[in-house]
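Notes to accompany the following structure.
The values are calculated or read from the model by the stated rules, or taken from the named source; none is laboratory data. Here the structure is a predicted model, which is why all the values come from computation and not from measurement. We place every Cβ from the backbone using ideal geometry, glycine too, and count neighbours over all the protein chains shown. What goes into the accessible areas is simple: the full protein's heavy atoms, side chains included, and nothing from ligands, DNA or RNA. Shrake-Rupley method; radii C 1.70, N 1.55, O 1.52, S 1.80 Å.
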Amino acid sequence: MTESSTQYRSPVDAGPVVAIPGGRLALSALGGILLVTVVAAFIAWSVRQGPGALSAVVGAGGAVLAHGVAALIEQPWKPRPLGRWAFAIMHVSLASILVVLAWIGLLYSAPQIDSASLALSASGAWFGGLLAKVAAFGSFAKAVESNPTRFVRNATPHGAAEEETRHDVSADDSRSQ
């Protein structure tokens, strides 16, 4: 029995060690932000023509900034176990909402900005970007689970042996309920 098979591995460390496609996630987030921004700008323009639409677009700038900061913090180029990526995205998203709130707070009293349109479009665009990013990550994770050898870099025989001994959470009946 090898040392790696007797070591405890967290259930979060399940899955192959992969780097996620950061560009694909960033483009998905931008697409979600753009979709929500177009809807928010149209609604804001129909309520308050000039300041409303401008405020909606400025609010979307905060969402783009927040998702950009999140992408730099989560480091998609750094390989991690697939199970850890979902938690990394969740933690970074929680932190990135603070960037959106700071953006809204900075621009709330600006004379040319409609504060309601700014706050609603910034938070809505951030959420739309998050939904699109999570959907893109979900499709990537599904592809990795269906064919892990296609995504694993620098696969070694030791890595293959470690993959066989990974902890399967669904089959864990050692805990009583």
Test: residue 26 is open to solvent by 40 Å² or more (accessible area, probe 1.4 Å), small (Gly, Ala, Ser) and modelled with pLDDT of 85 or more: yes
Out of all the residues in the stretch 105-114, is one or more in contact (Cβ under 8 Å) with a residue 40 or more places away in the chain and within 14 Å of the chain's Cα centre (by Cα)? no
Take the stretch 120-143 and flag every residue that is surrounded by fewer than 22 Cβ atoms within 10 Å (Cβ to Cβ) and touching a Gly at 6+ places or on another chain (Cβ under 7 Å). 131
Somewhere in the stretch 36-44, is a residue within 24 Å of residue 147 (Cβ to Cβ), at pLDDT 90 or above and part of a helix (DSSP H, G or I)? no
